[in-house]
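J.: Take this structure first; my questions come after.
The values are calculated or read from the model by the stated rules, or taken from the named source; none is laboratory data. Given the structure is predicted, the values throughout are model-derived calculations rather than measurements. Only protein heavy atoms, including side chains, enter the accessible area calculation; ligands, DNA and RNA are left aside. Shrake-Rupley method; radii C 1.70, N 1.55, O 1.52, S 1.80 Å.
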Amino acid sequence: MKTNFLQSMMLPFVACTFFATEAFAQTINVKGVVKDEAGIPVIGANVLVKGTTNGTITDLDGNFQLEAREGDVIEISYIG
């Protein structure tokens with residue numbers, strides 16, 4: 001009886017843990033390079049996931065990397 005109770009409690013716990021992990025695992029790593037019209041890397045451009053505060057700036061070679069969900073829109077802005 002005690003074993004059946006533990007087994008019946010363990011299955012929902014494992015299932016909930018699995019689904020919670022899947023919900024957080026939907027982010028992807030987005031990498032890119034920001035260049036101007038002449039093909040020169042843009043240093044210090046803002047790269048932001050639209051509608052969030054998740055963002056970064058480009059490095060000296062115009063590279064950026066951030067995490068986003070599939071389907072998110074990436075906004076790039078630069079003042080200069």
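J.: How big is the Rg/Rh ratio for the range 25-80, C-alpha atoms only, Rh by Kirkwood, two decimals? Each step should come with its number before you reach the end.
T.: Values: Rg = 11.4 Å, Rh = 11.6 Å.
Computed over Cα atoms, the ratio is 0.98.
J.: Same structure again: Taking 0.36 nm per residue of separation and subtracting the Cα-Cα distance, what length does fully extending THR52 through ALA38 add? Could you put the intermediate results ahead of the total?
T.: Working: separation 14, 0.36 × 14 = 5.04 nm, distance 3.01 nm.
Answer, rounded to one decimal: 2.0 nm.
J.: If I ignore ligands, DNA and RNA and count only protein heavy atoms, how much of ILE76 is accessible to a 1.4 Å probe, in Å² to the nearest 10?
T.: Near enough 90 Å² of accessible area.
J.: Quick one: ranking GLU75, GLU70, GLU37 by accessible area, 1.4 Å probe, largest first, what do you get?
T.: So, going from the largest accessible area down, we get GLU37, GLU70, GLU75.
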